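Shown next, in structure tokens, is the structure this report addresses.
The values are calculated or read from the model by the stated rules, or taken from the named source; none is laboratory data. Just so it is clear, the structure is predicted and the values come from calculations on it, not from any experiment. Methodologically, a virtual Cβ is constructed for each residue, glycine included, from the backbone with ideal geometry; neighbour enumeration extends over all protein chains shown. Please note that ligands, DNA and RNA were not included when accessible areas were found on the heavy atoms of the full protein model with its side chains. Shrake-Rupley method; radii C 1.70, N 1.55, O 1.52, S 1.80 Å.
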Amino acid sequence: MNSAQNVNPAHLETDVLVIGAGGAGMYAALEAARAGASVILADRSLIGRGGATVMAQMTVAAALGEQSPDHWEYHLADTLAAGRGLCDERLAALLCEDGPRRLREMDDWKVGWAREDGHIKQAQAPGHDRPRCAYVDFLSTGPAVSRTLRTRLKSASDVRLIGDLVIVDIAIQDGEACGAVALHLPTGRAVTLAAKAVIIATGGLTGLYRRNSASANMAGDGYALALRAGAELIDMEFVQFFPIGHLAPRLIGMDPIMWDPFRYKLGGRLLNSERREFETAYASQDSRSDGRYVLTRDLATYAITKEVEAGRGSPAGGAYLSFRHVPEAEIRRAFGPVVDRLLANGIDLARQDVEVAPIAHYTMGGVRVDETLQTRTPGLYAGGEVVGGANGANRLSGNAITEALVFGARAGRNAAERAKAQSLSWSAEAVRPVLDLLRSATRRDAPNPAAAIAGLQTVMADKVGPFRTEAKLRSALSSILQLSQEIGNVPLSTGAPFDTMMTDWLDLRNMLLVARSVTEAALARGESRGAHQREDQPRLSEDWCVNQTISLSQGDISLRRIAPANGRPVA
Amino acid sequence: MNTTLRIRRGNAGETPRFEEFDVTFEPGQSVLDGLRMVRRLIDPTLAYRYSCINANACKECMMLIDGTVDYACTVRLKQGVMTLAPLPKKALIRDLVTEIAPPDERL
């Protein structure tokens, strides 16, 4: 028997419930509190430690105009171009227009943006028409952002932080979100949370893939929560692979996507097994490329994958990244503390190459929201990477943290406004099915849910990666359905606190639903665009300048096509 | 030669027990890699905390490794026996999981 079975659930009440304490969730909580709402900020991990923000070592894009004159509309033009016709322009505009406000607020809160000659330093990144990307040295952008928001939260009034709390489902009363049901990890106890508005800020789904740059808690649970709460998803076929994720030698204690800033600053060379730079051969295929290191992420991913397929990959199955042409002193000047951490890993950049390969990095698709960040389920909002639409078919480098801050803040403020006009509409009936699900958990020896998760990650990596075919996608779908049958409808339980079997089972329940959404959407989109590349449909098709939305009814998902931005149904 | 992880296990209030798990030794792997292998291949009930996997950003996988407090994601696996235990000065939840959240961030 696990403890959820024989103890009454704990019950908490709040105006706004925020799920996920990464950059978006923390900003949402701060902004909701600033608007006068009481807030519970819940995370399945510790507050401000999980999610993607804390791991981001890179840059934050906003038209600050500090490095050179800029306007948010130029940033918007670049964002829309990268999105290849599929951006929700309302959301993209929000991201670009609000970005400078949020970065300046973070600056006031002493995040520590790198400065030069008295102004915030902005770097040029691929896809941007000018230097637009702020950062914190040395590769500390994400940790600095997380720390700053966490510090603000500590002094915010009426924000309750609760870690170790896994949200199992959103509670729905008369079609509107009225709270959630959670599992408290340290005790195994069920917890019900009544709220006037709920914000999902759980990040992306890259944890569905074997090689990913995400935290362990980034396996897409927010998408599943939204679907089961009656909300729609959009653009789920678009998963961004980061082209030069670290592959070999084994590097520990560091973010696998750390090599990009090295390339910006030092001009690292990407080489195949013949020690030939191969990017230029692919650069001509992209009209936005000037042939230097400006390949967008999808094209760089393509280039590396094709070199490997042609038998010109590095021993571990990627490409070489070399800094051996850069003077040692220059490497040290640019990345001193990081160079020491690399040496501790046995990597001496002045003398040896590393191997890199594409790695699942970011999810363009996500929960469909209107310009107030509300889903079609009243009272249910989303903020951060879990939001779909702003980035269309591919995201510009630097837009992820910006969107976390902007959408988090907007969702927080709008949710607080709703809460002011609303009374709690809690009912025990709304949570009974979920509590019953938790109570039904049984101790049994098989299957091993951790192994099943690894199995699913392999299927997704091999069959639903950056390059897809109908045959591979169909095979993935059948594996996903098979796994769903194997795990069944009854949760597994360890029968003890910090119930690993139960959380793995609950994760799998979410992951399988989300994996199916990605795969079905990829199967339906019979063209190649941005991060979705179909080897059997290699061309971009004008007929496919549409978004696909996904909804769930009676346990089955259905797809629909809509025109970008305005949401009018087509066909 | 493989790695044997000798892990102190049990719930709060129980007499702790040590269990041994053999995992394949691969140079460069972290102790956390080893723990994840155990969960996947041998015992899915083994409890330990981690979030960021190997970026040393979340600081959640702190435990006692061969008698020294360290992060499972940054200490490398070595051949032979490695002994893992929960943090000694924190309240035990189960196996290698202790209560490490600040008091005002708990339920």
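Condition test on A:Gln374, is it among the polar types (S, T, N, Q), touching a helix residue (DSSP H, G or I) at 6+ places or on another chain (Cβ under 8 Å) and open to solvent by 10 Å² or more (accessible area, probe 1.4 Å)?
yes
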(message) I'd like the residue in the stretch B:88-99 that is in contact (Cβ under 8 Å) with a residue 12 or more places away in the chain and surrounded by fewer than 17 Cβ atoms within 10 Å (Cβ to Cβ) and, out of all such residues, is farthest from A:Asp158 (Cα to Cα).
(response) B:Pro88
(message) I'd like to verify a number: residues in the stretch A:328-351 that are open to solvent by 60 Å² or more (accessible area, probe 1.4 Å) and not charged (D, E, K, R), how many?
(response) 4
(request) Mind listing whichever residues of the stretch A:164-187 are within 11 Å of another protein chain (Cβ to nearest Cβ), surrounded by fewer than 24 Cβ atoms within 10 Å (Cβ to Cβ) and in a loop (DSSP other than H, G, I, E, B)? (result) A:Pro186, A:Thr187
(message) Restricting to the stretch A:470-493, name every residue that is buried (at least 22 other Cβ atoms within 10 Å of the Cβ) and assigned to a loop (DSSP other than H, G, I, E, B).
(response) A:Pro491, A:Ser493
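Residue by residue, here is whether (1) more than 10 Å from chain B (Cβ to nearest Cβ); (2) open to solvent by less than 20 Å² (accessible area, probe 1.4 Å); (3) at pLDDT below 95 holds:
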position: A:Asp43; (1), (2), (3): no, yes, no
position: A:Gly50; (1), (2), (3): no, yes, yes
position: A:Met55; (1), (2), (3): no, yes, yes
position: A:Gln67; (1), (2), (3): yes, no, no
position: A:Leu76; (1), (2), (3): yes, no, no
position: A:Ala81; (1), (2), (3): yes, no, yes
(request) Within the stretch B:61-75, identify whether any single residue is touching a residue at least 40 places away in the same chain (Cβ under 8 Å), of a type in the set (S, T, N, Q) and more than 7 Å from every other protein chain (Cβ to nearest Cβ), and answer yes or no. (result) no
(request) For residues that are facing another protein chain (nearest Cβ under 9 Å) and either under 18 Å from B:Ile65 (Cβ atoms) or touching a Ser or Thr at 6+ places or on another chain (Cβ under 7 Å) (or both), tally how many sit in the stretch B:11-25. (result) 0
(request) Just give me the residues in the stretch A:320-361 being free of Cβ contacts under 8 Å to residues at least 24 places away in the same chain, touching a helix residue (DSSP H, G or I) at 6+ places or on another chain (Cβ under 7 Å) and not β-branched (Val, Ile, Thr), in sequence order. (result) A:Arg332
(request) Kindly list the number of the only condition in (1) closer than 30 Å to A:Met258 by Cβ; (2) at pLDDT 95 or above; (3) at the interface with another protein chain (Cβ under 7 Å from one of its Cβ atoms); (4) assigned to a loop (DSSP other than H, G, I, E, B) that fails for B:Thr45. (result) (1)
(message) Can you pull out every residue in the stretch A:96-123 that is of a type in the set (D, E, K, R) and surrounded by fewer than 16 Cβ atoms within 10 Å (Cβ to Cβ)?
(response) A:Arg101, A:Arg104, A:Asp108, A:Lys110, A:Arg115, A:Glu116, A:Asp117
(request) Out of the residues in the stretch B:20-38 that are closer than 24 Å to B:Gly10 by Cβ and of a type in the set (D, E, K, R), state the one that is least open to solvent (accessible area, probe 1.4 Å). (result) B:Asp33
(message) Is it the case, given these coordinates, that B:Thr98 is of a type in the set (S, T, N, Q), more than 7 Å from chain A (Cβ to nearest Cβ), under 25 Å from A:Asp43 (Cα atoms) and out of contact with any Asp or Glu (no Cβ under 8 Å at 6 or more places or on another chain)?
(response) yes
(request) Would you point out the residue of the stretch A:124-158, among those that are closer than 12 Å to A:Gly398 by Cα and open to solvent by 30 Å² or more (accessible area, probe 1.4 Å), that is modelled with the highest pLDDT? (result) A:Pro131
